[in-house]
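Student: Would you mind keeping the following structure in view while I ask a few things?
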Amino acid sequence: MREESPSLQGSPLPIRAELRRKEKYQYKQSITNMGNPKAFLTIHRQEAGYRPVHERIDDFSEVEQTLNSSDRRTQASRCMDCGVPFCQAGMMIGGMASGCPLHNLVPETNDLVFTGNWKQAFLRLNKTHSFPEFTSRVCPALCEAACTCNLNGEPVSTKENERAIIETAYAEGWVVPQPPKVRTGKTIAVIGSGPSGLAAAQQLNRRGHNVTVFERSDRIGGLLRYGIPNMKLEKSVIDRRLKLMEAEGVKFVTNTNVGVDITAEELLKKFDRVILCCGASNPRDIKVPGRDARGIYFAVDFLKKVTKTLLDSDFTKAPYEEARGKHVLVIGGGDTGNDCVGTSIRLGAKSVIQLEMMPKPPVERTPSNPWPQWPRVLKTDYGQEEAIAVFGHDPRVYQTTVTEFIKDKNGNVCQAKLTKLKSEKDPKTGRMMMVPVEGTEEVIPVDVVLIAAGFLGSEKYVTDAFKVAINGRTNVDTKPDQYQTSVDKVFTAGDMHRGQSLVVWAIREGREAAKAVDESLMGYSYL
């Protein structure tokens with residue numbers, strides 16, 4: 001918080017309020033007075049883009065490139081400093097978030113990049129964000145979708161600007177440990193080390209509480225570590241942040257499965273509060289004949305095995321035997337499905353097909369999907385782009401599903417029966433649903449099947465261990481916009497609370513849950 005200027009001290013309250021208002025206005029003008037108000041009209045959007053396909057498919061390094069600082073500042077100048085900045089609103093419109101759920105101060109940081117005030121840009125970003133190095137790599141950029149420039153043109157490259165800010169801050173040594181000056185003596189256990197768990201731990205530790213994070217895997221990071229491939233988020237980026245958190249005083253415990261290796265009762269006896277941040281880690285299955293064939297995996301297990309092999313060998317080995325020379329079928333059209341496509345290509349797959357039950361999205365917004373709603377349009381991600389370059393066609397097949405897996409004599413999957421789908425209204429519920437189209441069946445060769453059909457919610461053994469109430473979607477139940485569960489002293493956050501979602505939402509939930517926990521412990525909170 002800025003110190004009050006000497007001119008305000010000792011003034012009557014009404015005068016102080018007016019002077020403070022003017023000072024705040026002058027301060028805002030000093031940092032957001034856009035130096036090039038017509039840049040959005042004269043400067044076209046420029047993206048750093050991905051590395052060339054035939055270069056990047058030979059390694060597991062990050063695919064995204066970066067612009068130089070001069071070009072980045074030019075891109076930042078396109079921000080209009082809108083009177084109503086939807087980019088930072090984070091409100092729900094049409095069932096989807098419009099703008100950043102963290103309410104990052106987007107116009108301010110964009111202008112600070114444009115003027116070259118990188119440290120001030122970092123300080124402003126750091127006010128609302130725990131881990132910009134993560135979201136600037138993996139977030140679908142809700143801020144850009146809600147950018148006013150996106151109404152009749154191309155949005156400001158806010159996501160890449162954010163990455164430039166945080167990476168500059170690391171390079172300049174501005175990102176340093178922030179241990180609390182005073183400890184409260186209160187103890188908190190965070191179960192799960194994904195983005196929500198890490199965000200909650202960071203905030204509560206900086207508040208002065210003693211925080212211990214429990215993770216059932218061998219490494220900290222949860223979804224960030226094993227659910228997102230190295231090509232999108234290099235694991236050294238996670239390790240860099242974890243070192244800072246350890247230096248601040250957060251304790252990490254790995255290879256400990258809460259509910260199995262340690263009971264809920266033990267934790268509640270040892271800690272003043274517990275936060276469940278275990279994610280929506282119950283994958284949706286495909287229940288068709290032949291599902292028991294060997295060679296069929298959940299996407300999360302496949303991606304974890306690849307990343308773990310790379311990390312265990314210090315990137316000298318990859319599990320090429322999983323896909324080399326094989327026909328790979330990916331079921332699911334989302335981000336995880338795309339990650340499976342890109343990973344399979346790197347492992348030497350002979351062919352890759354990605355099934356999507358829904359119709360192919362339009363290339364541009366439809367009248368029923370106006371700005372600033374999230375644009376429900378066709379997106380070709382890095383994995384699909386690579387498949388097009390390697391195999392000569394888009395791997396995605398729309399309005400299609402699997403009806404049966406066929407095994408060979410050894411019990412391995414060797415074929416899959418597919419059928420086309422069409423949209424029809426359910427006469428009982430009135431809802432539109434996808435139904436099979438007779439006469440469209442076909443059989444394709446398949447050696448590996450990766451199920452990336454989403455997640456159904458939290459895992460039962462964890463919710464049972466803590467005896468917390470769950471809702472109809474098997475997410476941990478709380479009152480609206482609250483994080484206290486049905487069990488005293490137990491809170492929840494992230495995908496385990498809201499269902500499968502984005503990293504940026506998980507971080508927001510972790511930060512808000514931290515505030516709720518702090519209030520329950522101290523009676524107030526300034527988090």
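Student: Where in region 263-359 are the helices (runs of 4 or more DSSP H), entirely inside, with at least 2 residues that are at negative phi, in contact with a Lys or Arg (Cβ under 8 Å, 6 or more places away or on another chain) and surrounded by 15 or more Cβ atoms within 10 Å (Cβ to Cβ)?
Tutor: 264-270, 299-312
Student: Looking only at strands (runs of 3 or more DSSP E) that lie completely in region 402-448, which have at least 3 residues being at pLDDT 95 or above?
Tutor: 413-425, 442-445
Student: Considering only residues that are closer than 19 Å to PHE131 by Cβ and charged (D, E, K, R), which ones fall in region 181-229?
Tutor: Scanning region 181-229 gives ARG206, ARG207, GLU215, ARG219, ARG225.
Student: I need a count of the residues in region 360-401 that are out of contact with any Phe, Trp or Tyr (no Cβ under 6 Å at 6 or more places or on another chain), farther than 17 Å from ILE331 by Cβ and in a loop (DSSP other than H, G, I, E, B).
Tutor: Going through region 360-401 one residue at a time, the tally reaches 21.
Student: Search region 488-515 for residues being open to solvent by 30 Å² or more (accessible area, probe 1.4 Å) and closer than 20 Å to THR187 by Cα, and hand back the single one that is farthest from the chain's Cα centre (by Cα).
Tutor: ASP488
Student: Still on this structure, I have one more. Just give me the residues in region 417-433 being within 26 Å of PHE405 (Cα to Cα) and touching an Asp or Glu at 6+ places or on another chain (Cβ under 8 Å), in sequence order.
Tutor: Correct list: LYS417, LEU418, THR419, MET433.
Student: Just checking, does region 177-185 include any residue being farther than 27 Å from LYS304 by Cβ, in a loop (DSSP other than H, G, I, E, B) and among the basic types (Lys, Arg)?
Tutor: Filtering region 177-185 down to residues farther than 27 Å from LYS304 by Cβ leaves 177-185.
Then drop every residue that is not in a loop (DSSP other than H, G, I, E, B), which leaves 177-185.
In the following step, the residues that additionally are among the basic types (Lys, Arg) were identified as 181, 183.
Taking every residue of region 177-185 in turn, at least one turns out to be farther than 27 Å from LYS304 by Cβ, in a loop (DSSP other than H, G, I, E, B) and among the basic types (Lys, Arg).
Student: Among all residue pairs at least 6 apart or on different chains, which show Cβ distances below 8 Å where the first residue, located in region 61-74, is without any contact (Cβ under 8 Å) to a residue 60 or more places away in the chain and of a type in the set (Asp, Glu) and the second is outside any helix (DSSP H, G or I) and surrounded by fewer than 19 Cβ atoms within 10 Å (Cβ to Cβ)?
Tutor: Going by the 8 Å Cβ cut-off, the qualifying pairs are ASP71/GLN46.
Student: Quick check on my filter: what residues within region 195-241 are open to solvent by 10 Å² or more (accessible area, probe 1.4 Å) and within 20 Å of ILE262 (Cα to Cα)?
Tutor: ASN210, THR212, PHE214, GLU215, ARG216, SER217, ASP218, ARG219, ILE220, GLY222
The values are calculated or read from the model by the stated rules, or taken from the named source; none is laboratory data. Source: prediction; values computed, not measured. Counting neighbours? That spans all protein chains shown, and the Cβs are built from the backbone with ideal geometry, glycine included. Protein only, heavy atoms only, side chains kept; ligands, DNA and RNA dropped before computing areas. Shrake-Rupley method; radii C 1.70, N 1.55, O 1.52, S 1.80 Å.
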